[in-house]
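The values are calculated or read from the model by the stated rules, or taken from the named source; none is laboratory data. None of these values were measured; they are calculated from a predicted model. In this analysis, Cβ positions are derived from the backbone assuming ideal geometry, glycine residues included, and neighbour counts consider all displayed protein chains. Remember, those area values only see protein heavy atoms, side chains included, never the ligands or the DNA or RNA. Shrake-Rupley method; radii C 1.70, N 1.55, O 1.52, S 1.80 Å.
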Amino acid sequence: MRIEIRQVEAGDWLRMKELRLRALADPVSEVAFGELYEDAVGYPDDVWRDRVHRTRTGEVAATFVAVDADGTWVGMVTGVVEPAGEETLEVPQVHLVGMYVVPEFRGAGVAEPLVGAFLDWVWERPEDVHRVRLWVHGENRRAEGFYRRLGFVPDGGTMPFRSALAHRMLLARPARSARRNGQL
């Protein structure tokens, strides 16, 4: 199986819309996304174009997609840069806000290189980005295990999220030598 991982481009808005709506319609969305399908399906096309525009530049956000050999989008991950002081953040960070792999590709080795490309983008940013954060729904054990394998650790932060608490997980910026040696 050949999968290409790449950052979204300007003309990708319709494919992004289709994959995001598929993600929100997936039964796991209840424990994976804050956004609801019922809301997103009604967004005008300008909203989808704007989302792609903001994430393709990589300045304040980035979206990476996994594309199979047939050109089908099979996964995505999005992150948003959060400067210190925003939402009472003590250090600048990137918030991983949207991770999805289509059901037929789960467990097939797509998620790790997808998040890996995203983390490469994060760690290539200026030194002022100290960590990556994300929230995992308390009932989403598969996601929690995946992020732990990548080095994310819970920091004790919680917030109400639909049917349970979500737990905050953090990944600190690796040392420069680890990034240069291809370890992260």
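Looking only at residues of the stretch 1-47 that are part of a helix (DSSP H, G or I) and β-branched (Val, Ile, Thr), we find that the one that is surrounded by the fewest Cβ atoms within 10 Å (Cβ to Cβ) is Val47. In the stretch 155-176, the residues that are of a type outside the set (Asp, Glu) reach residues that are open to solvent by 70 Å² or more (accessible area, probe 1.4 Å) and part of a loop (DSSP other than H, G, I, E, B) with C-beta atoms within less than 6 angstrom, at least six apart or across chains, in these pairs: Ala164/Glu139; Arg173/His130; Pro174/Leu184.
The number of residues in the stretch 42-64 that are β-branched (Val, Ile, Thr) and farther than 17 Å from Met76 by Cβ comes to 1. Counting just the residues of the stretch 114-144 that are open to solvent by 60 Å² or more (accessible area, probe 1.4 Å) and farther than 18 Å from Phe33 by Cα, which one comes out modelled with the lowest pLDDT? Checked the stretch 114-144; the qualifying residue modelled with the lowest pLDDT is Glu127.
Could you list all residues from the stretch 52-79 that are at pLDDT 90 or above and open to solvent by 30 Å² or more (accessible area, probe 1.4 Å)? Correct list: His53, Ala69, Asp70, Thr72. Of all residues in the stretch 33-81, those being touching a residue at least 40 places away in the same chain (Cβ under 8 Å), out of contact with any helix residue (DSSP H, G or I) (no Cβ under 7 Å at 6 or more places or on another chain) and under 21 Å from Arg133 (Cα atoms) number 4. The residue of the stretch 145-170 that is least open to solvent (accessible area, probe 1.4 Å), among those that are aliphatic (A, V, I, L, M) and under 15 Å from the mean Cα position of the chain (by Cα), is Met169. If you go through the stretch 148-167 and keep only what is closer than 17 Å to Ala32 by Cα, hydrophobic (A, V, I, L, M, F, W, C) and not in a strand (DSSP E or B), you end up with just Phe152.
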